[in-house]
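Input: a single structure, listed below in structure tokens.
The values are calculated or read from the model by the stated rules, or taken from the named source; none is laboratory data. Source: prediction; values computed, not measured. Neighbour counts are summed over all protein chains in view; Cβ atoms, including those assigned to glycine, are modelled from backbone coordinates with ideal geometry.
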Amino acid sequence: MGMIYKARLLDKIDNDTMLRLCFIVNKSFFLDLKKLPDYVEDKTQDTIAAYNFINLGLIDNFVGGYWKDEPSWVLNQTGRILHDILKSNGWFD
């Protein structure tokens, strides 16, 4: 949550986004967050982490998208913001 607050102090995100991301992190399973980079691009393998990300609002729940015949999962805008904040602070290394 400190990394999220740092992003707010640097004006990379607004107050509403900061509060939303802190809520998500508070409700997250820690090891699932380590799997965020797996969902930057479409992923066709479903996992428990993917369904947790849907429930947390990090992946949209229209699995498979509009024009696909197979399910896929990819981070939405909120998920990408959280991923970028964590990545810029070296959290995934």
Taking Asp46 as meeting all but one of (1) farther than 22 Å from Asn89 by Cα; (2) charged (D, E, K, R); (3) touching a Leu at 6+ places or on another chain (Cβ under 8 Å), write down the number of the exception. (3)
Go through the stretch 2-35 and give me each residue that's aliphatic (A, V, I, L, M) and either surrounded by 15 or more Cβ atoms within 10 Å (Cβ to Cβ) or at pLDDT 95 or above (or both). Met3, Ile4, Ala7, Leu9, Leu10, Ile13, Met18, Leu19, Leu21, Ile24, Val25, Leu33
Residue pairs, Cβ under 7 Å, 6 or more apart or interchain, first in the stretch 18-42 and free of Cβ contacts under 8 Å to residues at least 40 places away in the same chain and part of a helix (DSSP H, G or I), second among the aliphatic types (A, V, I, L, M) and surrounded by 14 or more Cβ atoms within 10 Å (Cβ to Cβ). List them. Met18/Ile4; Cys22/Ile4; Lys27/Leu56; Asp32/Ala49
